[in-house]
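Scroll down for the structure; my scribbles are underneath it.
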Amino acid sequence: MAFIDHVLEAPSYGWKDENGNLIVPTTRQLWIEAFSRINVFKTKKNWITLVSWLMVVLMLPFFFSFLFYYFSWPLVIAIVVYSMVVMGTHGTIWFHRYCTHNSYKFSHPVWRIITQHLVIKTFPEEIYVVSHHVHHVNSDVPGDPYNPKGGFMYCMLSDVNHQRINKNLNEQDYKRAAHFMKHTGVQLNTYTQYQEWGSLATPLYTIGMWVANWVCWYAIFYWIGGNGLACAMFTAGMLWFVLVRAFNYTGHGKGEAHHKDGIDFDRSNLSLNQSRPGLFAGEWHNNHHLYPGSARAGFQSFQLDVPWIYIYSLYKMGMVTSYKDSKKEFRKKFLEKGHSRDMVPLAGTAYTNDQLPHITK
């Protein structure tokens, strides 16, 4: 079995049956799996999936406080803007283009740390990064951790059910998995520590950064607008936690092909260039699947890319030293010289092997 096919821990119901078809678990099976994987009494190696859910559960008091004590329509608007635009854009900048695809490089760790904590923290980097590499290699086929063909709840519960790394990697494969994270600044376990904790990231770093992030952001929002604004913004964080998981389902056509000619050129998977995620968060997802290593995904004139504006601005100020921009390559291949009808066919994967050649099947 190739490394990329076993770097994640397979769910108890499995990825595929004996004929290679996707196993679609029932909703009950999905919830049983989820609660099993956050049970630290079963094994402390479940700590990181528990932390992932604790982050959203501990946002509930802020939500109820906002709802019953501080509700106002201006704050509702602030919640929508912060969750869908600010946090969405940050997710693309930090988790997607930097942590996963390393599409740009910071000139100093301080700019990386500032970028990392530009918004309220909602889940550990490890949960996102490794599984997203698997998603690119196995898009919409068995083994994709948020395969939309598995259904809505298959995607919504994927952070605990499908996105955790395998707890039984050998030392060589552990080092290969750690390679995905080494540039992020996240404190990583040694192999011996991994055997104890079952994760790439150390518990002390992960929990410490989470607490520090929340304390700082609550203080900032309280200073700006009191408890009302602070509770509203943490409510927005909880909303984004839900929205980003729903996007894993809708961003791939809910498991069906809905590509549009002249918009979605990569037909090797079900990813779509949708207007709302694109305009609000720079998540032109079909473009991203074509060129996952690019720091820009808004390739056409109507595709606003706010994350790219942030990255390029840091570059002009010297905070980013280099980046990869695939816009010219995209336009030359698909839009110029009468090639606007060319498409990547529905076969294989569009993942760029030059970025991470060691994961090629």
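The values are calculated or read from the model by the stated rules, or taken from the named source; none is laboratory data. Just so you know, these numbers come straight off a predicted model, no measurement behind them. Note that each Cβ is placed from the backbone with ideal geometry, even for glycine, and that neighbours are counted across all protein chains shown.
Quick notes
- Residue in the stretch 16-39 that is within 19 Å of residue 200 (Cβ to Cβ) and touching a helix residue (DSSP H, G or I) at 6+ places or on another chain (Cβ under 9 Å) present: yes
- Verdict on residue 70 being in contact with a helix residue (DSSP H, G or I) (Cβ under 6 Å, 6 or more places away or on another chain), buried (at least 22 other Cβ atoms within 10 Å of the Cβ) and either closer than 17 Å to residue 179 by Cα or not β-branched (Val, Ile, Thr) (or both): no
- Within the stretch 50-141, helices (runs of 4 or more DSSP H) holding 3 or more residues that are free of Cβ contacts under 8 Å to residues at least 24 places away in the same chain and under 23 Å from residue 276 (Cβ atoms): 73-81
- With respect to the conditions (1) surrounded by fewer than 22 Cβ atoms within 10 Å (Cβ to Cβ); (2) closer than 18 Å to residue 243 by Cα, residue 118 lacks only one, and its number is (2).
- Looking at 38, 93, 79, 114, just one residue is under 21 Å from residue 186 (Cα atoms) and touching a Ser or Thr at 6+ places or on another chain (Cβ under 8 Å), and that residue is 93.
- Residue 169 hydrophobic (A, V, I, L, M, F, W, C), under 16 Å from residue 51 (Cα atoms), crowded, with 21+ Cβ neighbours inside 10 Å and touching a helix residue (DSSP H, G or I) at 6+ places or on another chain (Cβ under 7 Å): no
- Once the stretch 274-288 is narrowed to residues that are under 19 Å from residue 326 (Cβ atoms) and small (Gly, Ala, Ser), the residue that is surrounded by the fewest Cβ atoms within 10 Å (Cβ to Cβ) is 278.
- Some residue of the stretch 297-307 being modelled with pLDDT of 95 or more, closer than 17 Å to residue 104 by Cα, part of a helix (DSSP H, G or I) and within 20 Å of the chain's Cα centre (by Cα): yes
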